[in-house]
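Before any comments, here is the structure.
Where a number appears in this text, it was derived from the coordinates with a stated rule and is not lab data. Given the structure is predicted, the values throughout are model-derived calculations rather than measurements. Cβ sites come from the backbone with ideal geometry, for glycine too, and all protein chains shown count toward neighbours.
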Amino acid sequence: MENRRILYGRRQGRRLRTGQQAVLEEGLARFGLPRPEEGERIDPARLFPPACTRFWLEVGCGGGEHLAWQAARNPGIGMLGAEPFMNGVAGLLAHVQRDGLANVRILADDARPLIDALPDASIARAFVLHPDPWPKVRHHKRRFVQRVNLDRLARVLEDGALLRLATDDRDYLDWMLEHALDHPQFEWQATGPDSWRERPEDWPVTRYEEKAVKEGRRSWRIPLRRRPRAAR
């Protein structure tokens, strides 16, 4: 699959304070992943302590609240994250440092090269939570949730693995549903109207969601499951 360096949006926001910059540099030296080269393959088991026997992936982990929450409560899971916005990476690494998390690895870059480098059926759960909706029609091609990237995720997800999507943008919600439900490798796990409103116990509220609620925006959660591969 195409592995060109194409990044949309900002890489850096407000200037990091000296302490934040130190956390970023020290954290990336310990927990950061180099951007995989095209054709490179990564064995996730080699990235984590031996106690980590399964691996989850978060695409665009923002400030890291969700990824760090999951890592703290699932010490046997190796948590892979990808986030190109450096202020967000600094936030995640602050959580990692504060909570003493050894089961987090972060690529401070676009998620696609990381996904392409992972082995088939190597990821037990994936998250794409509140990605940039790119609301202008001419920018819709920049949206992460589209067929080519769902193909990427379908390849690396185990049979029966969960894929959790979320957005607070109604247009992107319709887009997500259209593309996800049209994909042959995913099935929607919603069982009725309450599936939109009920939050699973292991799906925490992030700072971004709290901000959205305060601004009058509603969040929608889309639980999907990777269909079993056809027997060979």
So if I place +1 on the C-beta of Lys and Arg and -1 on the C-beta of Asp and Glu, and nothing else carries charge, what would the dipole magnitude of the stretch 70-148 be about its Cα centre? I want it in debye, nearest 20. 400 debye
Take peptides 64-75, 213-224, 107-118, 91-102 and line them up by average Cβ neighbours within 10 Å, highest first, as a rough protection proxy. 107-118, 64-75, 91-102, 213-224
Computed over the chain: relative contact order in percent, which uses C-alpha pairs under 8 Å that are six or more apart: 19 percent
Quick one: putting +1 on the C-beta of Lys and Arg, -1 on the C-beta of Asp and Glu, what dipole do you get for the stretch 18-226 around its Cα centre, in Debye to the nearest 20? 240 debye
Name the long-range amide H neighbours of Arg54: under 5 Å, sequence gap of 5 or more, or other chain; modelled H, no Pro or chain starts. Gly78
Mind jotting down the distance between the C-alpha centroids of the stretch 150-178 and the stretch 62-78, whole Å? 19 Å
Amide H proximity to Leu107 below 5 Å, modelled H, separation 5+ or other chain, gives Leu33, Gly81, Ala82, Glu83
According to the square roots a ≥ b ≥ c of the eigenvalues of the Cα gyration tensor, what is the shape class of the stretch 19-160, taking rounded for a/c under 1.5, prolate for a/b larger than b/c otherwise, and oblate for the remainder? oblate
